[in-house]
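Down below is the structure, laid out as structure tokens.
The values are calculated or read from the model by the stated rules, or taken from the named source; none is laboratory data. All values reported here derive from a predicted model rather than from experimental measurement. Neighbour counts run over all protein chains shown; Cβ positions are idealised from the backbone, glycine included. These area figures cover heavy atoms from the full protein model, side chains too; ligands, DNA and RNA do not enter into them. Shrake-Rupley method; radii C 1.70, N 1.55, O 1.52, S 1.80 Å.
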Amino acid sequence: DGHVRFEEVAFGYEPERIILKGVTLDVPAGTSMAVVGPSGAGKSTLARLLYRFYDPTAGRITIDGQDIAKVQQSSLRSAIGIVPQDTVLFNDTIGYNIGYGREGAGQPEIEGAARGAAIDTFIAALPQGYESMVGERGLKLSGGEKQRVAIARTLLKDPPILILDEATSALDSRTEEAIQSTLNAAARGRTTIIIAHRLSTIVGADQIVVLDAGRVAERGTHAELLAKG
Ligand code: ADP
Ligand code: ADP
């Protein structure tokens, strides 16, 4: 499962300013969709609606045929992992921040074998020397390091639906390459919505949607869009 549909979705943060209009999207379970388009087109807004930070003003969003407005928020959010564009971390240890994604704020430390794989992934992504600092307080993390913590946290949650909103934007190109292959592996067999602008990030997507001024301007596979010019 994890079949995501947007049906004629409209939304505005303020009633008098419409951001999304008549957006219809279909992401079959286990497939990936890349969303591209100019800055301000409404790409992040799509992600926020799916996670129910906001609700559409018209239309509906379904997962496996169920209107997400009628699903308990806790079960919706356990089904979806989001790496948001701007990561805000708790002023606590890396371990606390990674654990938060799954257990909520009450469960500060990493434990259990189930977490091993994601933590290995995460540790592999850290700069040398950080491996032993997962439980340390007062670390000053750069934007890219915070982004890696956010990615690790989301992968640890192991959600059937993954939203990557410019998830590697703060990484240098060498680190990005490494993390990108981890993310590609995580996306396999999982419903994945990728918001990105770099071509290398989106060529592998099962479908590409071009959003412009809150409307779907184009859609198709990478090859189809290339053929259209
Ligand atoms: P994109 O991800 O394509 O760059 P966004 O979805 O972030 O676009 O934003 C779409 C539009 O919504 C922009 O005009 C942006 O200024 C506006 N917007 C985004 N977030 C908010 C908000 N919290 N309140 C009001 N307007 C917002
Ligand atoms: P969890 O998945 O651990 O339950 P949350 O649902 O609180 O975590 O948040 C998921 C991610 O979305 C976090 O990285 C958080 O910083 C970010 N986030 C929280 N609220 C908003 C919001 N209103 N708009 C955009 N991103 C948000």
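Of all residues in the range 47-61, exactly one satisfies the criterion of being assigned to a loop (DSSP other than H, G, I, E, B) and open to solvent by less than 30 Å² (accessible area, probe 1.4 Å), namely 51. Flag set for residue 215, criterion: open to solvent by 50 Å² or more (accessible area, probe 1.4 Å), in contact with a Lys or Arg (Cβ under 6 Å, 6 or more places away or on another chain) and closer than 22 Å to residue 28 by Cα. Per this entry, residue 143 is counted among residues that are open to solvent by 40 Å² or more (accessible area, probe 1.4 Å), farther than 24 Å from residue 9 by Cα and modelled with pLDDT of 75 or more. Within the range 62-98, the set of residues being modelled with pLDDT under 95, loosely packed, with under 15 Cβ neighbours inside 10 Å, in a loop (DSSP other than H, G, I, E, B) and more than 10 Å from ligand 2 (Cβ to nearest atom) comprises 72, 91.
Of everything listed in (1) under 30 Å from residue 95 (Cβ atoms); (2) surrounded by fewer than 18 Cβ atoms within 10 Å (Cβ to Cβ); (3) touching a helix residue (DSSP H, G or I) at 6+ places or on another chain (Cβ under 8 Å), the single unmet condition for residue 171 is (2).
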